[in-house]
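For reference, the structure discussed in these notes is given below.
The values are calculated or read from the model by the stated rules, or taken from the named source; none is laboratory data. Everything quoted here is computed from the prediction, not taken from an experiment. Every residue, glycine among them, receives a Cβ derived from its backbone with ideal geometry; neighbour counts consider all protein chains shown. The protein model used for the area step is the full one, side chains on, heavy atoms only, and it has no ligands, DNA or RNA in it. Shrake-Rupley method; radii C 1.70, N 1.55, O 1.52, S 1.80 Å.
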Amino acid sequence: MAMSRRFFLAAAGVVGATASTGLLSACSSDSNSSVGANGAPGELEVFSWWTDPGEKAALDSLVSVFNQNNPNIKFINRAIVGGGGDAAKALLASRLKAKNPPDTFQAQAGEMVGDYITAGQIEDLTFLYKQEGWDTQFSQKVLKLIQRDGKFYSVPVDTHHINVLWSNPKVCAAHGVSAKPTSMDEFLGNLRKLKKAGNVIPLAVSLDPGQDWQVKHIMETVLLSTLKADAWSALWKKGADWSTPQVTKALDTFAEIMTYAPGTAPAAGWDQVCTLVGGGKAAYQIMGDWVEANFTVAQNLYPGRDYAWCAVPGTAGTFLFASDCFTLPVGAKDRAATIAWLTSCGSKAGQDAFTAVKGAIPPRQTIGSDERTLFDPYLQWSLDEWKKDVLAGSLTHGVVASGAWNTAVDGAVVNWLKDRSVTKLQQNLVSAAGQYAALSHS
Ligand code: GAL
């Protein structure tokens, strides 16, 4: 495990706490350090879907910065089990409908935040942006996704990398295949070889309909691989055309890749799936970089030695991204506590403490060279890619499509899991676009 990650974990009390004292003061040395320190006692209910040990450790690391700035506010962790957030989003929707929101909830920059804005469920935070100077500090690409009519809604806490192929280098070497295939043809050849060997899972993913977001995640990266960034992004705009031969080609490739994914234990979460890669039972996994937190925190693996990564073949040069944010819900019980939380979320200290553990990079415009040393070799790679790549938004993780459109795509994927018909899959995707593209803000 990288030293920096261990330091943050120690500060959060996740591993032996000997190194913690110096770190917490280092964490709090930015301009937000005094916010809330003299604030009135309060309670803060924070709603998310971060329950995997790696995700939880990252949240704890952020909470330790928050606690130091706000010793009087009691943090209540209302995280709901279920990677990708399907269960959390459903429960949240019922709470919002009943006008019983948590003090803050996790959302994703882009159309997902847009849904909450349209529904009038979250407050304008422009005052906080002006006060903290975030409108010039945060990445403009991320900021664009949380704005409506020039106002800022929600505070991003990370940027996740979505088009990443993870692998077990020892398993790959033992089977004579590259851990970092550079083209789709090479990747397909490797999968074929691994399947033939018969003693390893070539591509690990759950095929359970309740986990269909994992399959959708693979599908979106393969669409990106075939179509490239501009044509991918066009699929989410008004007038999107899903009926083209290029989309058919991408879906055929996706279907072929999936013949090398035998599935895992029923309903295995992404974290259980990545245990198969870390533990040497599977060669590859396509997943966002929160798996890094699982590899390092839950499995105690070391980047580069125990697991390898590269862009999903055919997508090098494009950074498919998503960004987790926190919100100020309309009707939040303890508004002052929420604002104190959001202030920590947007601070450099909070974002560093969170992202270095989470397997994500901070959603800021510039990362200084000192700050860079907080991040492990994988994250330094991701920081470099973010700087030089073309950026494109993720479907599965809320950027390019509304909740309703995403649900329609889920339906198409679940049907495809049953009948494996690419023709029907494309028809369903065409009809989902017909229904929702006209409403898109992408
Ligand atoms: C994503 C989210 C990540 C991570 C992942 C798995 O949607 O952006 O932060 O939590 O789900 O649960």
Exercise for review: Report, in degrees rounded to the nearest 10, the 0 to 90 angle that the Cα long axis of helix 212-234 makes with the longest principal axis of the chain.
Suggested key: 90
Practice item. Jot down the per residue volume, in cubic angstrom and as a whole number, of the convex hull over the alpha-carbon atoms of the chain. Key: 127
Review point. How do 287, 184 stack up against each other in accessible area, from largest to smallest, with a 1.4 angstrom probe?
Key: 184, 287
**Study point:** Helix 245-258 axis, angle to the chain major axis (alpha carbon atoms, nearest 10°)
**Key:** 90
Point to revise | residue 228 - accessible surface, heavy atoms, 1.4 Å probe, Å² rounded to 10 | key: 100
Practice item. Calculate how large, on average over all directions, the projected area of the Cα convex hull of region 348-442 is; give the answer in nm² to one decimal. Key: 8.4
Review point. Using alpha carbons only, how many degrees (0 to 90, rounded to 10) separate the axis of helix 403-419 from the longest principal axis of the chain?
Key: 30
Review point. Near the amide H of residue 282, under 5 Å away, which other amide H atoms are found, from residues 5 or more places off or on another chain, if H is placed in the peptide plane?
Key: 201, 277
Practice item. Go through 193/418; 56/89; 228/358; 228/387; 56/388; 99/144 and tell me which ones have a Cα-Cα distance over 20 Å in this structure. Key: 193/418; 228/358; 56/388; 99/144
Exercise for review: Distance between Cα centroids, region 203-278 to region 368-413: provide it in whole Å.
Suggested key: 15
Practice item. Could you tally the net charge around residue 306, taking each other residue with its Cβ under 15 Å from the Cβ of residue 306, Lys/Arg +1 and Asp/Glu -1? Key: +3
Review point. Hey, which aspartates and glutamates would be in cross-link range of residue 130, C-alpha to C-alpha under 18 Å, not counting anything within fewer than 8 residues on its own chain?
Key: 30, 149
Revision key, fill the gap. Rounded to a whole number, the Stokes-Einstein D of region 94-177 in µm²/s (Kirkwood radius over Cα pairs; 37 °C; 0.692 mPa s) is 213
Review point. Carbon-plus-sulfur fraction of the accessible area of the chain, 1.4 Å probe, in percent?
Key: 54
Point to revise | Accessible heavy-atom area order of 418, 130, highest first, probe of 1.4 Å | key: 418, 130
